[in-house]
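I have placed the structure first, in the form of structure tokens, so that the comments after it can refer back to it.
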Amino acid sequence: MPAPPASRYHPTRLLGIRSAHNRPIPRAFPRSRALSAVLFLLPLCSPLSAQTGGVLLDTIRAGHFDMGKMWTFEHAPSQYFTRTYGFQADQDWFERARMAALRISGCSAAFVSPNGLVVTNHHCVRGQVVRVAREGENLLETGFQSSSLEDERPIPGFWVDQLIAAEDVSDELLGAMDRAGSVAERERIRGEVSSAIQQRLADRHTGGEGEVRVDVTALYNGGRYSAYTFRRHTDVRLVAAVELQLGNFGGDADNFTFPRYALDFAFLRVYGRDGEPLKTDHFFTWSRDGVEEGDVVFVIGNPGPTNRLNTVAQLEFQRDVLVPAQKAFYASRVAAMREMYAARPDPALMTRILSLSNSLKANTGRLEALKDPVLMVRKAAGERLFQEALDRDPALGGRWGRVIAELAEIQVEKLALAGEYQAFVRFGTGDTESALLSRALLVAQYQGAQAAGVAADTLAALRQQIQRVADLPEALEEAFLEDRLQGFRRHLGDDHPLTLQALDGRTVEGAAASLLARSSLATREGTVRAMEAGSPPPDDPGVRLGAALAATYARYATEFAALGDREQPLAAELGRARFEVYGTEVPPDASSSPRITDGLVIPYEYNGTLSPVYTTFFGLYDHFHSYGPESDWSLPGRWLPPPAGLGLTTPLNFISTADTYGGNSGSPAVTPQLEIVGLNFDRNIEGLSRDFIYLPERGRNIMVDVRAIKEAMDNVYDADRIVQEILTHRLFRTEAEADAAAGVRRN
């Protein structure tokens, strides 16, 4: 937990600071401001004595920014940015930054021209790239560059959100909820007041392009609430995308590492109601000079949920139960899918593998962070300071003094369900679950409802749900079923009723093979026939397994949910308490809501060496030649040999200490002048601890340098239409028109 506000601990003497290369911090801002920007590296709180592995940890202290720097726009850190970085970060600056940044599904993006041109990461839209491919095309392999406006391909069902207003509505919501007499009544009031807020703000911002949407978002675990008003644009078209080999250069091995050489970008365009490119007053100017070591950057995006406000007891439960179970789940699914892909390559399957591999590596890093005694002692130090602040104030202590202890008691109760959690982790999750098991559970629920005499329309809906469960490829179905049966045995025990029913005296492999051979629920066709006949017979082995599964799973789900229902209000109260103690000095946990974070472009030590602040195209070709054409560092034909004119010294990827997380993919990194210099696409492996704590001395976010994007579009893809648009802000309908404007003469 952070120390009290920095003003109480402001240093009386500023020392000169040098970069990791022992050079003075360069041109971005005065030396004194550079120092204040990195003061978070210094511990500000009293140490907590502890010992682990024979090492005394009494030097571990909580830092002022341990809870991070994911600032909200409704409580914009204007004074902090102005004081620290030496420019006028006023309301107008934050509005221009907010209006040019965008949200897309699961990621972030930015306007980079007044003509609706949008830039984001390739990995944020690679699923859409697959969707817009025409028969015979493999756009992941070949990439895509539209040569004219008419060639830009509509993306069905895709959307882009522009944040037009952000407002703290905590007083209105919490004031109404505090008058409730029960948890159920609080939830009812929360829904009613949220709906009223949404309607009021939607009416206020009605008109103009795009549908107005208002999200009322819980912050500080529900201790505060903010309303975010967006304009949603739904006519979005693919303009350009690199080959997967470039966007995912280095594959899983390079994921969450630096130095890095990925050209992870794509261009989209938003169109207005008239079918023409959207005209927007807010966009980021494309930087020609980029960044240098020591520069400040501001990253704007929508980071996904983090766990920084969790108590130490909650983090220990994640360490011991939740995260190991999730890691094991992803490992099994990725292994099975990779084996299938090796036998039968498919672009859609590869997209799924990449997504799950990312989750696997992220959970691996999260688990390593939770097992780091330094991190956990530092979290404990912050929690102790927070508890002391509550205890010192009778009013705060009287209301919230026992919340941390009560949350710890719930974690003890959750441990009693650890086996069930591990056995059922992510159970029933779409294309990563055995279809037979999904159908078995649904059939058990259907037969139970039928026996209870529920309404016919409810039974009909359940029947349709059962029949909609799609078949998996045989290899995946067998692998997923075996893994789940093995999980029952390992985590519930050989003598558990579910394990006994599932294995029926066989090995795991034998039981899976028997179920797939004998049960009508093994295929969608067999299930439909059985349901049309009334219901699968009770002696069907899948039906018998479903009955045992339903009994165990329902009991576990009910008990675990009940503990969650007790935990969530306490977490919200803890969030309110933190806000009372620290105010906006401590930003809320990430919540997929709009944030802005500041960071410095500085290197870091790793593996006994020192990172550069950026890599170049030279490194990309070095990796290709070092690992070979059959590796994850292979290059498409158009990149070999290096095209004439490609500047190999051009910066490709760079790093900063900006506080980013999943969901920040595609986030624009901008200068104080609001020039875009990069696109956030990853973190280093040390940065995976950011789920729990912000440690800039370890972690870096990784960005595609806009100089590399421009260089590739110009000299590899010959996309002059887009290059000229980002540089001149003019709309060019064709390549020929852009070439003429640029004075380019073609052969």
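Considering Cα pairs under 8 angstrom that are at least six residues apart, work out the relative contact order of segment 554-708 and quote it in whole percent.
Values: 184 pairs, mean separation 31.0, N = 155.
RCO, segment 554-708: 20 percent.
Could you grab the relative contact order for the chain? Cα pairs under 8 Å, six or more apart, rounded to a whole percent. Walk me through the intermediate numbers first.
Numbers: 1364 pairs, mean separation 161.8, N = 747.
Taking the mean separation of contacting Cα pairs over the length of the chain, I get 22 percent.
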FRET efficiency for Y627 and L727, using Cβ-Cβ distance with R0 set to 41 Å, rounded to 0.05: 0.75
Looks like segment 209-287, by Cα gyration tensor root eigenvalues a ≥ b ≥ c and the a/c under 1.5 rounded cutoff (else prolate when a/b is bigger than b/c, oblate otherwise), is oblate
Carbon/sulfur accessible area of segment 625-747, % of total, 1.4 Å probe, equals 48 percent
Let me confirm the definition first: pairs of Lys residues in the chain, 8 or more apart or on different chains, C-alpha distance under 27 Å. How many are there? 14
Just the number, please: carbon plus sulfur as a percent of the accessible area of segment 129-179, 1.4 Å probe, no ligands or DNA/RNA counted. 45 percent
Under the rule of at least 5 residues apart or a separate chain, name every residue whose amide H is placed under 5 Å from the amide H of I60. L48
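How long is the gain from E150 to D539 if the chain were fully straight, where each residue apart is worth 0.36 nm and the alpha carbon distance is subtracted?
Taking 0.36 nm per residue and subtracting the Cα distance, the gain is 134.0 nm.
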Local charge sum around V425 (other residues, Cβ-Cβ under 13 Å, Lys/Arg +1, Asp/Glu -1)? +2
Roughly how many Å is it from the Cα centre of segment 616-656 to that of segment 117-184, as a whole number? 30 Å
Calculated FRET value between V412 and T558, using beta carbons and R₀ = 30 Å, to 0.05: 0.95
What list of ³J(HN,Hα) values in whole Hz, one per residue of segment 454-468 in order, does the Karplus curve 6.51 cos²θ - 1.76 cosθ + 1.60 (θ = phi - 60°) give from phi, with Gly and Pro shown as x? 5, 4, 4, 5, 5, 4, 5, 5, 5, 4, 5, 5, 4, 6, 7
Rounded if a/c is under 1.5, else prolate if a/b is larger than b/c, else oblate: which is segment 438-527, with a ≥ b ≥ c the root eigenvalues of its Cα gyration tensor? oblate
Residue-count net charge about D281 - beta-carbon cut-off 15 Å; Lys, Arg +1, Asp, Glu -1: +1
Net charge contributed by nearby residues that have their C-beta within less than 12 Å of E697 (K/R +1, D/E -1): 0
Can you give the charge dipole size of the chain about its Cα centre, rounded to the nearest 20 debye, using +1 on the beta carbon of Lys and Arg and -1 on the beta carbon of Asp and Glu? 1040 debye
Between D178 and T234, what FRET efficiency follows from the Cβ-Cβ distance if R0 is 60 Å, with the result rounded to 0.05? 0.95
Using the Cα centre as the reference, give the magnitude of the dipole from point charges on the C-beta atoms of segment 544-649 (Lys, Arg: +1; Asp, Glu: -1; all else neutral), rounded to the nearest 20 debye. 380 debye
Cα lying deepest toward the dipole's positive end in the chain, options T72, V239, V706, charges on Cβ: T72
HN-Hα J couplings of segment 288-298 from phi, Karplus 6.51/-1.76/1.60, θ = phi - 60°, integer Hz, Gly and Pro as x? 8, 9, x, 10, 10, 4, x, 5, 9, 10, 10
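How much accessible area per residue does segment 299-339 have, counting only protein heavy atoms and a probe of 1.4 Å, in square angstrom?
Ligands and nucleic acids excluded, the result is 29 Å² per residue.
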Selected from G290, T311, P277, residue furthest toward positive end of dipole (segment 268-332; charges at beta carbon): T311
Give, rounded to the nearest 20 debye, the magnitude of the charge dipole that segment 347-405 has about its Cα centre when Lys and Arg contribute +1 at Cβ and Asp and Glu contribute -1 at Cβ. 200 debye
Using the heavy atoms of the protein chains alone and a 1.4 angstrom probe, what is the accessible area of segment 635-747 per residue in square angstrom? 30 Å²
Probe radius 1.4 Å, ligands and nucleic acids ignored: give me the carbon and sulfur share of the accessible area of segment 315-474 as a rounded percent. 53 percent
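Keeping all protein chains in place, calculate the accessible area per residue for segment 480-603 (probe 1.4 angstrom), answer in Å². Could the numbers behind the result be given before it?
Numbers: 5040 Å² over 124 residues.
Here the per-residue accessible area is 41 Å².
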Can you tell me, using C-alpha contacts under 8 Å and at least 6 residues apart, the relative contact order of segment 239-306 as a whole percent? 25 percent
Which residue, chosen from Y694, V716, L417, occupies the Cα position most advanced towards the positive end of the dipole of the chain, where the dipole is computed from +1 (Lys, Arg) and -1 (Asp, Glu) charges on Cβ about the Cα centre? Y694
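The values are calculated or read from the model by the stated rules, or taken from the named source; none is laboratory data. The model shown is predicted, which means the values in this text are computed figures rather than measured ones. A quick note on method: Cβ atoms are made from the backbone with ideal geometry, for glycine too, and the neighbour counts reach across all protein chains shown. Note: areas computed on protein heavy atoms with side chains; ligands, DNA, RNA excluded. Shrake-Rupley method; radii C 1.70, N 1.55, O 1.52, S 1.80 Å.
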